Structure formats: C-alpha cells, structure tokens
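Student: Got a structure for you, written out below as structure tokens; questions coming shortly.
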C-alpha cells in the first residue's frame, strides 16, 4: 500500500474527525446525560454507519446517489425526518433523573447503538462525502475496492479513538452533568442541534 496516500488521508481524516458536528453532539450528550456505556454504544453505531457507507461506496453502489436524483432525495428526506424526530423527542423529554451507567442493560445500550447507526446511515451526505473524498487518496494501480475499504476503516478507527477521548473527558463531570436542570438543558440543546441539522439536510440542494 502506498504509504504517502495513507499518511495524507490519515492527516486529513483526523482534522475532519475532530471538527464538531452532529456525531460529536450525539456522543457528548449521551456521555454527559446517559453514562459512558451508552455513549460508547452510540459511538460504535456511528462507526458502523460510516463503515457501511464505506462498503457501499467500495462496491460501487454509492454511485447511485450521484447518478439518481430520486434515490438521493428519498434518502435525504428520510434522514432529515429521522433527525427532526430525534430532536423533537429530546426537546419534549422532561426527565429529572437518569439510569446509573453501571445498571445499563444490553437492550438499552443497543438503542443508542441503533441511534448512532441510523444517524449516519440515513444521511446521504455521508455517502456523497465518501464518494468525493476517498478517491482523492486512491493512487493508480491499486485495488480500488480494497483501498476504499481500508480508508473507510481508518476513518472509523480515528472516529472511535476521538469519541473515546471525548467520553473520557466527560466522565469525571458526570455527577454535575446529571443534575435534573442540567439534564433538561442538555436534552433541549442537543434536540435543537438535531433539529437544525435535520432542517439543513432537508433544505440542502445537493
């Protein structure tokens, strides 16, 4: 594998990973309000969503989003509706207490894994991003499918490492961040972010 391309991609992907966005908001809010286990589940779901898009692009199916306006718009509206729904649910929530992280059951964690997965999987911009971004780091003469999967995997690993740092930094503040008033503020703030991203996605022309 060409080392230069991998180094360049890793540097670029690292900068993109640490840029605050929807995924960061989801993980930070979950870590602060729900505990580290659910936050790690959400982070894993986000990673799986990115890996799924990487696989789709690697096998050429992602090109459908570029070629078919109907397919892109359908997925865009589904993704926007999902983000708006999540935002409304968070804003409407009136919680005063939370589960302790150590008592989280597997079924509860799976809900957050699913949320992280769907947040990325239903966002066609992630697919378009992979289609336009990854090829820039694939030199001539290599197996395009294998290289695409490798780059997507590197991106996912960088994301998981970053989320682990965020969760670790949030954990010591867990007691203060779990106060009823703080929880309500976090729910509304994160819900507003999700609504904003949902509306932005719905109104986007590309």
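Student: Filter the range 18-61 for residues that are outside any helix (DSSP H, G or I) and either closer than 16 Å to residue 159 by Cβ or in contact (Cβ under 8 Å) with a residue 12 or more places away in the chain (or both) and give the result.
Tutor: 19, 20, 21, 35, 59
Student: For the range 185-203, what are the residues that are over 15 Å from residue 122 (Cα atoms) and modelled with pLDDT under 75?
Tutor: 186, 187, 190
Student: Scanning for something in contact (Cβ under 8 Å) with a residue 12 or more places away in the chain, surrounded by fewer than 17 Cβ atoms within 10 Å (Cβ to Cβ) and in a loop (DSSP other than H, G, I, E, B), does the range 126-148 turn up at least one residue?
Tutor: Scanning the range 126-148, I find at least one residue that is in contact (Cβ under 8 Å) with a residue 12 or more places away in the chain, surrounded by fewer than 17 Cβ atoms within 10 Å (Cβ to Cβ) and in a loop (DSSP other than H, G, I, E, B), so the answer is yes.
Student: Right, residue 181: over 17 Å from the mean Cα position of the chain (by Cα) and at pLDDT 70 or above or not?
Tutor: yes
Student: Same structure again: Pick from the range 149-170 the residues that are surrounded by 21 or more Cβ atoms within 10 Å (Cβ to Cβ) and farther than 18 Å from residue 11 by Cβ: which of them is nearest to the chain's Cα centre (by Cα)?
Tutor: 163
Student: Does residue 82 fit the bill of being at pLDDT below 70 and part of a helix (DSSP H, G or I)?
Tutor: no
The values are calculated or read from the model by the stated rules, or taken from the named source; none is laboratory data. Since the model is a prediction, treat every value here as computed from it, not as a measurement. Positions of Cβ are generated from backbone atoms using ideal geometry, with glycine treated the same way; all protein chains shown enter the neighbour counts.
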